[in-house]
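See below for the structure under consideration.
The values are calculated or read from the model by the stated rules, or taken from the named source; none is laboratory data. On a predicted model such as this, the values are computed, not experimentally measured, just so you know. Virtual Cβ from ideal backbone geometry, glycine too; neighbours counted across all protein chains shown. The area values use the complete protein model at the heavy-atom level, side chains included, leaving out ligands, DNA and RNA. Shrake-Rupley method; radii C 1.70, N 1.55, O 1.52, S 1.80 Å.
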Amino acid sequence: MESKQTGITRKDFIKMSVAAGAGIALGASGLGAILGATGNTLSASKTTASAESGDDVIPLYGEHQPGIITPQQTYLYLASFRVSTDSKSDLVSMLKDWTKFCDLSVSGGTMMTGDNPLVPPTDTGESLDLPASKLTVTFGFGPSFFRDGGKDRFGIARLAPQHLKDIPRMARDNLDPSISGGDIVLQVCANDQQVAFHAVRNLIRLSVGTASLNWMQEGFASGTPGKTPRNLFGFKDGTANSLHDSADGYDRIVWAGDGEPDWMKGGSYLAYRKIQMKIETWDRTSLSDQEATFGRFKVSGAAFGAKGEFDAVDASKLPADSHVALAKQTKQQIHRRAYSYTDKVDPRTGNVDAGLLFISYQRNPDEQFIPMLRLMQSKDALNEYVSHVASGMFACPGGLREGRYIGQNILEA
């Protein structure tokens, strides 16, 4: 049975949080207590739907943030924010609001104002009656969050992780600063695009007055469960992830290591590159040249000299400038989580702006990611068909515990 759905305003949330004290639980039970104290309740239909389809829910809380080694969902929104306030308390309030919203939305919940038609609803409502759809929200902080233009805005510069800095400019870069970098990044993923957009839309709404949206990228990754998705060049993307698909492998490749601040324990570094693919040129390239460019067979995904996608790679069988050969040459691994994108049409040429939102996670980008990028930007045969147009590096904290808010271990250290 569906109950009447009501809600509270952002200001009410903050007031109730203060009244309840710092130790309040922000999980589903804690959030329900806040709502109950104001005469509001969670939607019975939404909480019941979540309980009946537990496989559709990915918890917000845990040792690591969701959305890093989580099996890849179909849709992505990557959103970068610029913190517009110098008030630490206002920033904390926004992050608390974000945490409360994420706690509810990842389990399929929504909040709506139902008894006062003269004020805006506290939720935009487009995910009503939709399941959680494996929604995840992953948070990361850029170098400018800790120090911007030499200024320590929030007294946290001392807590910056050791490998957090902008990705060095590469020789072939054609970067657009307006879609690069940022103070905070949100990676929002779900198996339903409307569920994902609902989340990022409301997080933007809750940031008004404290942070502004820098840029937002939208991506998709279609594929059969258990199989590697393909990029827009038709080749499998992420085959090498199988090499570290174990608890020990993630410790070696993904999770931040010794020497990092406490808040990074269980966290990772998110590297982002927007890579525009020259698909019109690629589509006029022979199959043999396409395969030589990657060093893999297009249909099977197997490397040259191998039969299966996951067979060991013999570098001596690969063209020296092929994508796979150069990746292996660095002797480093990263955890890929890329999504394809399609965007505008160039009015001069009629060409489609399409490509790859390259996202990778690694414990030490200085050792794993930067050398690989530098080598590939200088020698990769794929450079003929791509252009790197945006860039960013972000530090993603370890997992969140109930009763805590995103960034608390940084801002209250």
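In the stretch 202-226, which residue that is of a type in the set (S, T, N, Q) and farther than 20 Å from Asp103 by Cα is surrounded by the most Cβ atoms within 10 Å (Cβ to Cβ)?
By that ranking, first place goes to Asn214.
Looking at (1) closer than 28 Å to Gly392 by Cα; (2) open to solvent by 30 Å² or more (accessible area, probe 1.4 Å), find the lone condition where Ser340 falls short.
The number of the failed condition is (2).
Which condition from (1) at pLDDT below 95; (2) at negative phi is the one that Val324 breaks?
Going through (1) at pLDDT below 95; (2) at negative phi one by one, Val324 breaks only (1).
Residues Gly266, Gly301: which one is in contact (Cβ under 8 Å) with a residue 24 or more places away in the chain, in contact with a His (Cβ under 6 Å, 6 or more places away or on another chain) and part of a loop (DSSP other than H, G, I, E, B)?
Gly266
Any chance you could count how many residues in the stretch 270-310 are among the acidic types (Asp, Glu) and in contact with a strand residue (DSSP E or B) (Cβ under 7 Å, 6 or more places away or on another chain)?
Total meeting the criteria: 1.
In this structure, is Ala271 at pLDDT below 95 and either hydroxyl-bearing (Ser, Thr, Tyr) or not in a loop (DSSP other than H, G, I, E, B) (or both)?
no
Write out, first by first residue and then by second, each pair whose Cβ atoms fall under 8 Å of each other, whose residues are 6+ apart or on separate chains, and whose first residue, in the stretch 235-256, is within 21 Å of Gly267 (Cα to Cα) while the second is assigned to a helix (DSSP H, G or I) and among the aromatic types (Phe, Trp, Tyr).
Close Cβ pairs satisfying both conditions: His244/Tyr250.
Can you tell me which residue within the stretch 387-413, out of those that are in contact with a helix residue (DSSP H, G or I) (Cβ under 9 Å, 6 or more places away or on another chain) and under 25 Å from Glu291 (Cα atoms), is surrounded by the most Cβ atoms within 10 Å (Cβ to Cβ)?
The extreme case among them is His388.
Look at Glu309 and say whether it is more than 28 Å from Asp366 (Cα to Cα) and in contact with a helix residue (DSSP H, G or I) (Cβ under 6 Å, 6 or more places away or on another chain).
Answer is yes for this residue.
As an exercise: evaluate Glu218 against (1) within 25 Å of Leu382 (Cβ to Cβ); (2) assigned to a loop (DSSP other than H, G, I, E, B) and give the number of the one condition it does not meet.
(2)
Check Asp314, Asp289, Asp262 and return the single one that is farther than 22 Å from Met376 by Cα and of a type in the set (Asp, Glu).
When all the criteria are applied, what remains is Asp262.
Only one of (1) of a type outside the set (Gly, Ala, Ser); (2) open to solvent by less than 70 Å² (accessible area, probe 1.4 Å); (3) assigned to a strand (DSSP E or B) is not met by Leu373, so which one is it?
(3)
Has the stretch 114-123 got any residue that is part of a loop (DSSP other than H, G, I, E, B) and β-branched (Val, Ile, Thr)?
Checked the stretch 114-123: at least one residue is part of a loop (DSSP other than H, G, I, E, B) and β-branched (Val, Ile, Thr).
Could you grab the pairs with beta carbons closer than 7 Å, sequence gap of 6+ or different chains, first residue in the stretch 130-152 and more than 21 Å from Thr99 (Cβ to Cβ) and touching a residue at least 12 places away in the same chain (Cβ under 8 Å), second one hydroxyl-bearing (Ser, Thr, Tyr) and part of a loop (DSSP other than H, G, I, E, B)?
Listed pairs, sorted by first residue: Pro131/Ser53.
Taking the stated definitions as given, is Arg273 open to solvent by less than 10 Å² (accessible area, probe 1.4 Å), within 25 Å of Ser80 (Cα to Cα) and in contact (Cβ under 8 Å) with a residue 40 or more places away in the chain?
Yes, satisfied.
Out of Gly114, Gly149, I need the residue that is small (Gly, Ala, Ser), at pLDDT below 95 and not assigned by TED's automatic domain parsing to the domain that holds Val208. Which one?
Answer to the selection: Gly149.
Scan the stretch 155-164 residue by residue and report those that are open to solvent by 10 Å² or more (accessible area, probe 1.4 Å), touching a residue at least 12 places away in the same chain (Cβ under 8 Å) and either in contact with an Asp or Glu (Cβ under 7 Å, 6 or more places away or on another chain) or not aliphatic (A, V, I, L, M) (or both).
Within the stretch 155-164, Gly155, Gln162, His163 meet the criteria.
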